[in-house]
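Have a look at the structure below, then the notes.
The values are calculated or read from the model by the stated rules, or taken from the named source; none is laboratory data. As the structure is a prediction and not an experimental result, all values here were calculated from the model. Note that we place each Cβ from the backbone using ideal geometry, even for glycine, and neighbour counts take in every protein chain shown.
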Amino acid sequence: MEFVKSVILVVFLFFGVTFILSVLCVVISAVLYVATRLFYALFSLMECPHCSKAMRKKVLRCPRCGSSLIEEPQDELNPELYARVKTFVAEFWSTSAEKLKPGTLLADDLGIAGDDGYELLEAFCEEFEIQNMCEIDASEYFGTEGCNSFGIYVMLYYWIFDKEKFDNYGSDTSLTLRDLVKSAEAKRWIPPMAR
């Protein structure tokens, strides 16, 4: 009987020590991971040139002052066509045309998302006789509406395993008023990245 008790005690000690060591390994790896992420975050910040707020590198606008952090192209826009596109977007989204500038981001600044973005591009192509509408993927510029539970798991996966994809996750390609004017001028869709 004493032999059985000692075997059970040894088994419990073995599994107890193994469990404690595995928990310690998980805790240590979690602390190292958080420390690495914190170190990366502290040394990968940039400052807004207008208000000196520190932020991530991938941000397009300063969250404090709202100034654009990307360099605005200085190309000349056709003034009549620009006015037409500006009026079109203002009427479609029921906003003031005075608030719209060539660099206005349709998704970020105006809040156009999902189906609304698809309808905007469809109406834009019809209004300005864009020939290659079938090449436009509205979700690339406006994302999807609502909360996608699968997207949460994907974002969590990227957060753990791929920092670069996590930083870019959900950040759609920026579509500006200038991009619409350029496409309307060419009478065909020109993706913003191609300019």
Wholly enclosed helices (runs of 4 or more DSSP H) of the stretch 131-194 bearing at least 1 residues at pLDDT 75 or above and over 17 Å from G103 (Cα atoms)
138-142, 177-186
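Residues checked against (1) at pLDDT below 85; (2) assigned to a helix (DSSP H, G or I); (3) touching a Cys at 6+ places or on another chain (Cβ under 7 Å):
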site	(1), (2), (3)
Q74	yes, no, no
A83	no, yes, no
V89	no, yes, no
T95	no, no, no
K101	no, no, no
D109	yes, no, no
A113	yes, no, no
L120	no, yes, no
